[in-house]
Structures are given as C-alpha cells and as structure tokens.
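Any read-out appearing in this document is the output of simple, stated calculations on the displayed coordinates, not a laboratory observation. Every value quoted in this text rests on a predicted model; they were computed, and no experiment measured them. Here the Cβ positions follow ideal geometry from the backbone for every residue, glycine too, while neighbour counts run over all protein chains shown.
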Amino acid sequence: MSVQKKYTISVLVQNESGVLTRIAGMFSRRGFNIESLAVGTSEKPGLSRMTIVALADEDEIQQIQKQLEKLIDVLDVQSLDSIPFVDRELILIQVSANAQTRLEISQIVELFRGRVVDVSTESLIIEVTGDQGKLVAIVELLKKFNIMAICRTGQIALPRGSKD
C-alpha cells in the first residue's frame, strides 16, 4: 500500500470565470481531496496562481499533475515538494479577553510576531502569518483563553531562488 502525504502544487491559470470550478471538479471526479486551496492574481496580468495542497501518494500526485496539465486554462503546473519552497498561511483568531487576560494574550501574540487587529470589551482578534507549525502552536497556546472563532487562508507557496 502506498504512503499518502501532503503535496503542494503551484498552478498558473488564466484568470477567467469557471477555472476554479473546473479544477475543483477534476479533483472531485477523481476522488482526490483538496486539503488547502488559495488563489490570487499573479505577477502576470490576466493570470492567477493557485496553491493546492492535496493528500495523495506519489502515483496519485503524478496523476493529478497530468490531469491539471490537460485543462485548457492551465498554463503551468509545478509540484513544489521536490524543490525548496517558501510557504505561508494567515490565520485570524478571535479569543475571549478581559482586562486580566489581555496582557498575557498580547505577550503570546508578540512571541509569534503576530498582532492584535481588533479589540472589544470581551475579545481580541489576532492575526498571525507563518507556516503550518507556527499556526498550530499559537492556537494551542490560546486555547486556554477560549477561542471563539478561527479563519485561515490556506497555504500559499513559491519556489525558492530565482527563475532562470
């Protein structure tokens, strides 16, 4: 039995209506689950870059790449797991806070190079950017303060170094 792991794929696509639906549909039709999906404009006008994280084995990830390359609006598909890459994710965390807990929460946020982006009488909203491990760690530390809500962007990634 093949071992499944998380693979990160960078896909350059035409920035047109329906592209995301076709890509998500391709994953769905073939029974592959998308763990994370982030899409935004790229450095090239009219093109968007998608970062897709999927749980698969080595054969399945190759099949996913080949299927993506067949889609008409897809210009480039790159598996980032075989090369050095930088990845980040953004998380917003709303946590219960009162006058007694605000200082301790703020110290934790500072340790993670995060920032408080909203303050109310009963809560704080915190923003932190980093890799998945960093985000998991701050969530664990903030659990004791009663996390009210979490929203994450999904992973974005680029290969390290210059493009030749």
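Model label points for Ile147 and Glu69, set 7 angstrom from Cα along the Cα-to-Cβ axis, are 3.9 nm apart. Using a cut-off of under 19 Å, list every residue of segment 125-157 whose amide N is near the label point 7 Å from the Cα of Asp76 along the Cα-to-beta-carbon line. Counting backbone N atoms under 19 Å from the label point, the list is 156-157. Label-to-label distance, Val3 versus Leu111, with points set 7 angstrom from Cα along the beta-carbon direction: 3.2 nm.
Annotation for segment 1-66: trypsin sites (Lys or Arg not before Pro) lying in DSSP loop with at most 11 further Cβ atoms inside 10 Å of their Cβ are Arg30.
Taking each residue as 0.36 nm, the span from Gln100 to Asn33 lengthens on full extension beyond its C-alpha to C-alpha distance by 19.8 nm. Cβ-Cβ distance of Ala137 and Leu55, R₀ of 30 Å, FRET efficiency by 1/(1 + (r/R0)^6): the value works out to about 0.85.
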